[in-house]
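Everything on this sheet refers to the single structure shown next.
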Amino acid sequence: MSIFNIKHQSKNSSARVGVIKTQHGNIETPFFMPIATYGAVKTQSSNEIKQLPSKILLSNTYHLYIRPGTEILEKAGGLHKFMNWNGIILTDSGGYQVYSLQGMRKISNDGVTFQSHLDGSYHHFTPESVVDIQRSIGSDFMMMLDVCPPGDADRSVWIDALNKTTKWAKQAVNHFNTTEPKYGHKQYLIPIIQGGTDPELREQSANELLELNTDAYAIGGLAVGEPKNQMLDTTELVTQFIPKNKPRYLMGVGTPADLVKCVARGIDMFDCVIPTRNGRNGQLFTFDGKMNIRNAKYKNDHSPIDDSGISDLSNQYSKSYLHHLYKTEEILGYRIASQHNLSFYIHLMAKIREAIKNDSFISFANSFLKKYEDKIL
């Protein structure tokens, strides 16, 4: 039985609304996942994430493995209990984090050997051990170990990454099928389609991974340095290979405009650090465009940060006050901005879903993109 049901298909694009069912709740697509790398969304509590509202968040296998470690997580009863979160959790495999450890890791046919970024200790990830770690974490969605090359890599590098990713995916599925969840709820294993921006390689990767017949599929290796138009073209291409009854997850993307454009290309699941990272740097997203709260023009602006109702904190405090918090480097400023941006992303996805249901998605998308000074669909 499929975990995904499509409820409405856009008439003028590949956008669709659906529902994914898990034992930690059902979630309507398309959706955005707040990033909780270490089991915490920066400056926000689990209850605040729930109130955004969000039913899902993303944590990272590599970082949780390094600390607190699987022993502590198992004693706590898994990550859900450890962080007091009863919603859905997706964990990245840690492959991207390991791959980014230039000079501190070695990729071989059987996995990746790397040094901890904390103490330099050596560790080895295999497709099987990454499944085991995520069993200990207890995430609802587990990403398979993959190789994620940069967007400007040679074709030979993309081919090698593709071949290793396919080989590891087969090993991961075999191991997954011989192990059991530790905490009583069902887990789902997701492979990652690679191939750079090469259409032939992307089709090959998709076809090889589709043979595994998993419950969902991810598109990786994008937003890693390639031109934006190539990211969009590759996304549109790969969604054509993934069966319509499978959720499509575009990893690490992106800006508000990226989300709108990629929903139009058939993507159902997103994650990105932009809402919290840019918020900590003073950039806020609104439905009227972007705002840099550090700008001197906000020093005496006593109007609400945003009175649209998407975030209580944004409505309670003024632009002048938030500008002041950034100038004095007060943590409250980062909390306000992070909560605001996360709320914006969640409400943007809600508006997108509503527009798809009403068959007004293209109109909504073009109006929104104009405010973000981006090209219309």
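The values are calculated or read from the model by the stated rules, or taken from the named source; none is laboratory data. Bear in mind the structure is a predicted one, so any value in this text is a computation, not a measurement. Cβ placement follows ideal geometry from the backbone for every residue including glycine, while neighbour counts extend to all protein chains displayed. Quick note on the areas: whole protein, heavy atoms, side chains included, nothing else; ligands and nucleic acids left out. Shrake-Rupley method; radii C 1.70, N 1.55, O 1.52, S 1.80 Å.
What to note about this one:
- Total residues in region 265-286, condition open to solvent by 40 Å² or more (accessible area, probe 1.4 Å) and either over 19 Å from the mean Cα position of the chain (by Cα) or over 30 Å from THR239 (Cα atoms) (or both): 3
- Identity of the residue in region 88-118, on the phi > 0 side of the Ramachandran plot and within 24 Å of the chain's Cα centre (by Cα), that ends up modelled with the highest pLDDT: GLY111
- A residue that is hydroxyl-bearing (Ser, Thr, Tyr), assigned to a loop (DSSP other than H, G, I, E, B), open to solvent by 10 Å² or more (accessible area, probe 1.4 Å) and without any contact (Cβ under 8 Å) to a residue 60 or more places away in the chain occurs nowhere in region 364-371.
- Every residue from region 298-337 that is of a type in the set (D, E, K, R) and closer than 21 Å to LEU52 by Cβ: ASP306, ASP307, ASP312, ARG335
- Residue match in region 240-249 (condition: assigned to a strand (DSSP E or B), touching a strand residue (DSSP E or B) at 6+ places or on another chain (Cβ under 9 Å) and closer than 16 Å to PHE31 by Cβ): yes
- Flag for ASN5 being within 17 Å of TYR188 (Cβ to Cβ), outside any loop (DSSP other than H, G, I, E, B) and out of contact with any helix residue (DSSP H, G or I) (no Cβ under 9 Å at 6 or more places or on another chain): yes
- Those residues of region 254-264 which are surrounded by fewer than 21 Cβ atoms within 10 Å (Cβ to Cβ) and among the hydrophobic types (A, V, I, L, M, F, W, C), in sequence order: ALA257
- Single residue of ILE274, ILE331, ILE356, ILE310 found to be β-branched (Val, Ile, Thr), touching a helix residue (DSSP H, G or I) at 6+ places or on another chain (Cβ under 7 Å) and touching a residue at least 12 places away in the same chain (Cβ under 8 Å): ILE310
- Strands (runs of 3 or more DSSP E) completely within region 75-130 that count 3 or more residues being open to solvent by 30 Å² or more (accessible area, probe 1.4 Å) and without any contact (Cβ under 8 Å) to a residue 60 or more places away in the chain: 105-108, 122-125
- Residue within region 288-299 that is of a type in the set (Ser, Thr, Tyr), touching a residue at least 12 places away in the same chain (Cβ under 8 Å) and part of a strand (DSSP E or B) present: no
- Comparison of SER308, SER338 shows that the only residue that is open to solvent by less than 80 Å² (accessible area, probe 1.4 Å) and either touching a Lys or Arg at 6+ places or on another chain (Cβ under 6 Å) or part of a helix (DSSP H, G or I) (or both) is SER338.
- Filtered residues of region 250-275 (kept if of a type in the set (D, E, K, R), in a helix (DSSP H, G or I) and more than 22 Å from GLU203 (Cα to Cα)): ASP258
- Candidate set: region 350-363, residues that are surrounded by fewer than 20 Cβ atoms within 10 Å (Cβ to Cβ) and part of a helix (DSSP H, G or I); chosen: the one nearest to the chain's Cα centre (by Cα): ALA350
- Taking region 184-242 as the range and being basic (Lys, Arg), open to solvent by 40 Å² or more (accessible area, probe 1.4 Å) and over 18 Å from the mean Cα position of the chain (by Cα) as the test, only LYS186 passes.
- Some residue of region 156-179 being within 24 Å of GLY25 (Cα to Cα), free of Cβ contacts under 8 Å to residues at least 12 places away in the same chain and open to solvent by 10 Å² or more (accessible area, probe 1.4 Å): yes
- Residue within region 62-70 that is under 16 Å from THR276 (Cβ atoms) and either touching a residue at least 24 places away in the same chain (Cβ under 8 Å) or not aliphatic (A, V, I, L, M) (or both) present: yes
- Residues within region 98-127 that are touching a helix residue (DSSP H, G or I) at 6+ places or on another chain (Cβ under 8 Å) and within 16 Å of TRP168 (Cβ to Cβ), tallied: 10
- The test for being in a helix (DSSP H, G or I) and at pLDDT 95 or above holds for ASN278.
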